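Structure first, then comments.
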Amino acid sequence: MLFVREDPLFTALDAELHAYSITFCPPVNSFKLSEKHDKMGTMIKTAVTIENEDMIEVMHEAGADEVILALENGTFSALGSYAGDEIIRLAEKIHACHMQVSVLMNRLFPEDELASFANQMIWLLNEGIDHIICADPGLLYHAMEKGYASRLVFDPMTMMTNSRDALFYKQLGLSSVAVSQLLTAGEIMDIASQVPDCSLCVFGHQMMSVSARPLLSAYGERQDLAELKNRRDLSLREEKREEQMPVYENDYAAMIASDYVQDSLDYIVPFAEAGISRFVLDGAFLSPEFLRDALIAVKEVLQGNDTAKETFRKKYSSEKLSDGYYGIKTIQ
C-alpha cells in the first residue's frame with residue numbers, strides 16, 4: 001500500500017496539511033527512468049562538506065554542485081562547524097563560485113531549544129542559504145508553516161529504510177529525502193525508483209551510532225582521563241576486532257562511525273539510473289585532499305570514465321575503502 005490522497009488512513013493528515021497547500025499525490029512507480037535520466041549526469045548533483053574556507057575554490061574546481069556547512073551547536077556530526085553569521089559570509093563566496101549552499105542542522109532539538117533553532121533556520125533561508133539539511137520533524141513543521149518546505153532536505157541518517165517512509169516525507173513538499181547508506185544496493189535502488197529526488201551519502205566514514213548519552217565523557221571520568229569531548233583523534237576498538245572506528249562526542253551526542261571509508265564508485269551509475277539525484281560526500285575525519293579526489297572520481301565515473309575508479313583506489317590503497325553494506329543485508 002502506497003500513500004495516496006484517497007487512503008482513509010491519511011484523511012486527517014491530509015486535512016491538517018491542506019493549510020500549507022500540500023496534498024498526497026499518486027505514487028511515482030510509473031515514472032519512466034529514461035525520462036528522468038535521458039542525459040546521464042545532467043540532473044545529478046554532487047554535494048560535499050567543507051571545514052576550511054580555502055577548500056571552497058578547490059571543491060569548485062573539482063566539480064562540486066553544492067557545499068554543506070555545519071551549523072554551530074546544531075549537528076550530530078564530527079564536522080567543524082560555523083556560527084550563523086560566518087555561514088552567511090562563506091555563502092557569498094560559495095555562490096560566487098556558482099555552487100549552492102546547504103546548512104547541516106541534523107540534531108534533534110528538545111522543546112526548550114526548538115523555537116530558537118527554527119527561527120535561526122528561517123533566518124538562514126531568508127539570508128540566501130539554498131537548503132537546510134535536518135533530521136528533526138519539528139524543524140519540518142516550522143518550515144512548512146513558513147512556506148519553506150521545498151528548501152529542506154530531510155536526512156534522518158540511518159533511519160530512512162523503505163519507500164513508504166521516503167515517499168511520505170517527499171510528499172510534504174521537501175527538496176529531497178536521504179536514503180540510509182546502510183541498506184543493500186538493491187534496497188537503495190528500489191526506494192530511489194519509487195521516490196523522486198532522493199539523496200545518498202556515497203563517500204566517507206558512515207555514521208553507525210548516535211547516542212544522546214555522553215559516553216566518552218563518562219568513560220573518561222571513570223578512567224580518570226583528560227577531556228575527551230570535541231576530539232577527532234579518538235577511535236573505538238571492539239574487544240574481538242582489530243578495526244578502529246572513529247568516535248566523537250560533542251555537547252549533544254556521542255557518535256561512532258564505520259572503521260572503513262565508503263567507496264561507492266562501482267554503484268554510482270546504477271544508483272543514478274535508479275533515481276538518486278543527489279550524491280553526498282562527507283569529509284568528517286578525512287583530509288581535504290582525500291575528499292577532493294573522491295569528488296573528482298565520482299564526477300568522472302558519472303561522465304563514463306570507469307578508469308577513474310582504479311586511479312582513485314590505487315592512490316589511496318593505504319586507506320580502508322569498502323563498499324560497506326551494499327551487498328550485505330543488515331536491516332531486517
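Quick notes on this structure:
- Taken over segment 123-148, the residue count meeting the criterion of being buried (at least 17 other Cβ atoms within 10 Å of the Cβ) and either more than 17 Å from the chain's Cα centre (by Cα) or over 22 Å from ARG278 (Cα atoms) (or both) is 7.
- On the stretch given as segment 164-186, residues that are part of a helix (DSSP H, G or I) and in contact (Cβ under 8 Å) with a residue 40 or more places away in the chain total 4.
- The residue pairs whose first member lies in segment 90-102 and is within 18 Å of ALA70 (Cβ to Cβ) and part of a helix (DSSP H, G or I), whose second member is hydroxyl-bearing (Ser, Thr, Tyr) and open to solvent by less than 70 Å² (accessible area, probe 1.4 Å), and whose beta carbons are closer than 8 Å, counting only pairs six or more residues apart or on different chains, are LEU90/TYR82.
- Conditions (1) touching a strand residue (DSSP E or B) at 6+ places or on another chain (Cβ under 8 Å); (2) within 28 Å of ALA64 (Cα to Cα); number of the one not met by GLY173: (1)
- Extreme residue, most open to solvent (accessible area, probe 1.4 Å), among residues of segment 162-174 that are touching a helix residue (DSSP H, G or I) at 6+ places or on another chain (Cβ under 7 Å) and farther than 21 Å from GLU273 by Cβ: GLY173
- Checked against the criterion of being farther than 22 Å from ALA272 by Cβ, assigned to a helix (DSSP H, G or I) and in contact (Cβ under 8 Å) with a residue 24 or more places away in the chain, the candidates SER193, SER217 yield just one match: SER217.
- Index of the failed condition, PRO110 passing every other in (1) surrounded by fewer than 20 Cβ atoms within 10 Å (Cβ to Cβ); (2) under 27 Å from LEU183 (Cβ atoms): (2)
- Residue within segment 283-304 that is farther than 18 Å from ILE44 by Cα, more than 19 Å from the chain's Cα centre (by Cα) and among the β-branched types (Val, Ile, Thr) present: no
- Taking the conditions (1) open to solvent by less than 30 Å² (accessible area, probe 1.4 Å); (2) of a type in the set (Asp, Glu); (3) touching a residue at least 40 places away in the same chain (Cβ under 8 Å); (4) under 24 Å from SER211 (Cβ atoms) in turn, GLU249 satisfies each one other than (3).
- Among (1) at positive phi; (2) modelled with pLDDT of 95 or more; (3) in a loop (DSSP other than H, G, I, E, B) - the single one GLY204 does not satisfy: (3)
Conditions tested, residue by residue: (1) modelled with pLDDT under 95; (2) open to solvent by 70 Å² or more (accessible area, probe 1.4 Å); (3) in contact with a helix residue (DSSP H, G or I) (Cβ under 9 Å, 6 or more places away or on another chain).
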{"residue": "GLU35", "(1), (2), (3)": "yes, yes, no"}
{"residue": "MET43", "(1), (2), (3)": "yes, yes, yes"}
{"residue": "THR49", "(1), (2), (3)": "no, no, yes"}
{"residue": "HIS60", "(1), (2), (3)": "no, no, yes"}
{"residue": "LEU69", "(1), (2), (3)": "no, no, yes"}
{"residue": "ALA78", "(1), (2), (3)": "no, no, no"}
{"residue": "ASP85", "(1), (2), (3)": "no, yes, no"}
{"residue": "LYS93", "(1), (2), (3)": "no, yes, yes"}
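The values are calculated or read from the model by the stated rules, or taken from the named source; none is laboratory data. Everything quoted here is computed from the prediction, not taken from an experiment. Every residue, glycine as well, gets a Cβ built from its backbone with ideal geometry; the counts of neighbours run over all protein chains shown. Accessible surface areas use protein heavy atoms only, side chains included; no ligands, DNA or RNA. Shrake-Rupley method; radii C 1.70, N 1.55, O 1.52, S 1.80 Å.
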